[in-house]
Amino acid sequence: QVQLVESGGGLVQSGGSLRLSCAASGSIFSIKAMSWYRQAPGKQRELVAIIIGGGSTNYADSVKGRFTISRDNAKNTMDLQMNSLKPEDTAVYYCNADLSTSASSLTYRYWGQGTQVTVSS
């Protein structure tokens, strides 16, 4: 079984910073990509940032220059450093990983349970 666990959410004032972490554990053979999504109340879940195996990254326009995604391949962990937070960043943040559990298995997407980030004005 594979499990993804997020941590680091909380309440912060506008302009502040938070660092989210995601740890993947279980029967993992290879992780192709990891990413962060978020979902605000009444809105669809949206991609925030993605980091692919080789280290290339991509960000939503709304967070470019403020958020930084990073990954430790040896530990199967991923972080999201969020600076200059705005009230519109308030959402539940989810991590996911596209991974395979063996050399012969297909790649599947696994999700964490989410962590709440609230930015007060």
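Let me check I've understood the local charge: for Ala33, count other residues with C-beta under 12 angstrom from its C-beta, Lys and Arg +1, Asp and Glu -1. What total comes out? Walk me through the numbers on the way to the answer.
Numbers: positive: Lys32, Arg71, Arg109; negative: Asp98.
The answer is +2.
Per-residue counts of other Cβ atoms within 10 Å, averaged by peptide: what ranking do you get for 23-35, 49-61, highest first? Please report the intermediate quantities before stating the final value.
Details: 23-35: 16.5, 49-61: 14.0.
Descending mean neighbour count gives 23-35, 49-61.
Would you mind calculating the relative contact order of the chain from Cα pairs under 8 angstrom and at least 6 residues apart, reporting the percent as a whole number?
Working: 303 pairs, mean separation 44.4, N = 121.
Relative CO of the chain lands at 37 percent.
Could you compute the net charge surrounding Asp79? Neighbours are other residues with a C-beta less than 13 Å from the C-beta of Asp79; K and R count +1, D and E count -1. Walk me through the numbers on the way to the answer.
Numbers: positive: Arg19, Arg71, Lys75; negative: Glu6, Asp72.
Cβ neighbours under 13 Å give a net charge of +1.
Return one whole number: the accessible area per residue of the chain in Å², for a 1.4 Å probe. Present the calculation step by step, with values, prior to reporting the outcome.
Details: 6330 Å² over 121 residues.
I get 52 Å² per residue for the chain.
Would you work out what percent of the accessible area of the chain, with all protein chains in place, is carbon or sulfur (probe 1.4 Å)?
Details: 3060 of 6330 Å².
C and S fraction of accessible area: 48 percent.
How large is the charge dipole for the chain, taken about the Cα centre, if only the Cβ atoms of Lys, Arg (+1) and Asp, Glu (-1) carry charge, to the nearest 20 debye? It would help to have the intermediate numbers written out before the result.
On the way: 11 positive and 8 negative charges, 11 e Å.
Computed charge dipole of the chain: roughly 60 debye.
Just how many pairs of Lys in the chain have C-alpha atoms closer than 27 Å, counting pairs that are eight or more places apart or on different chains?
On the way: Lys32/Lys64; Lys32/Lys75; Lys43/Lys64; Lys43/Lys86; Lys64/Lys75; Lys64/Lys86.
Taking the Cα cut-off of 27 Å, the pair count is 6.
What's the local net charge at Asp98, with K and R +1, D and E -1, over the other residues with C-beta under 14 Å away?
Local charge sum for Asp98: +3.
Within the range 45-117, report the trypsin sites (Lys or Arg not before Pro) that DSSP leaves as loop and that have at most 16 other Cβ atoms within 10 Å.
Values: sites: Arg45, Lys64, Arg66, Arg71, Lys75, Arg109; in loops: Arg45, Lys64, Arg66, Lys75.
For trypsin sites (Lys or Arg not before Pro) across the range 45-117 that sit outside H, G, I, E and B with at most 16 neighbouring Cβ atoms in 10 Å, the list reads Arg45, Lys64, Arg66, Lys75.
Set the Förster radius R0 to 22 Å, insert the Cβ-Cβ distance between Lys43 and Ser100 as r into 1/(1 + (r/R0)^6), and round the FRET efficiency to 0.05.
Working: r = 31 Å, r/R0 = 1.42.
Once rounded, the FRET efficiency stands at 0.10.
The values are calculated or read from the model by the stated rules, or taken from the named source; none is laboratory data. Model, not experiment: these values are computed from the prediction. Cβ coordinates were reconstructed from backbone atoms using ideal geometry, including for glycine residues, and neighbour counts include every protein chain displayed. Remember, those area values only see protein heavy atoms, side chains included, never the ligands or the DNA or RNA. Shrake-Rupley method; radii C 1.70, N 1.55, O 1.52, S 1.80 Å.
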